[in-house]
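**Student:** Structure provided below as structure tokens; questions to follow.
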Amino acid sequence: MKDQFQEWEATELYCPRCKAARPVRKRLLLVLPDGDKYEYLCAQCGSPVGGKMDEKPGNFQFLIK
Ligand SMILES: [Zn+2]
């Protein structure tokens, strides 16, 4: 149990399809130079219920060359 709670993670979000708060599954959607984009899917019905961007502030040099 270390490094696990350093950043906010959604575990439950409101699902419009289930019309209730549901546990979510995190899925990596895109890997970009400035961060990874994640999507949250309802564990019950699989509908997308939210997203998140994990920014990598140290990586901006990547773009400067
Ligand atoms: Zn749902």
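Where a number appears in this text, it was derived from the coordinates with a stated rule and is not lab data. No experiment lies behind these values; they were computed from the predicted model shown. A quick note on method: Cβ atoms are made from the backbone with ideal geometry, for glycine too, and the neighbour counts reach across all protein chains shown.
**Student:** What number of residues within the range 12-54 satisfy the criterion of being in a strand (DSSP E or B) and within 10 Å of the ligand (Cβ to nearest atom)?
**Tutor:** Looking only at that region, the number is 12.
**Student:** Got a number for residues in the range 38-49 being surrounded by 14 or more Cβ atoms within 10 Å (Cβ to Cβ) and more than 12 Å from L13 (Cβ to Cβ)?
**Tutor:** Selection size over the range 38-49: 1.
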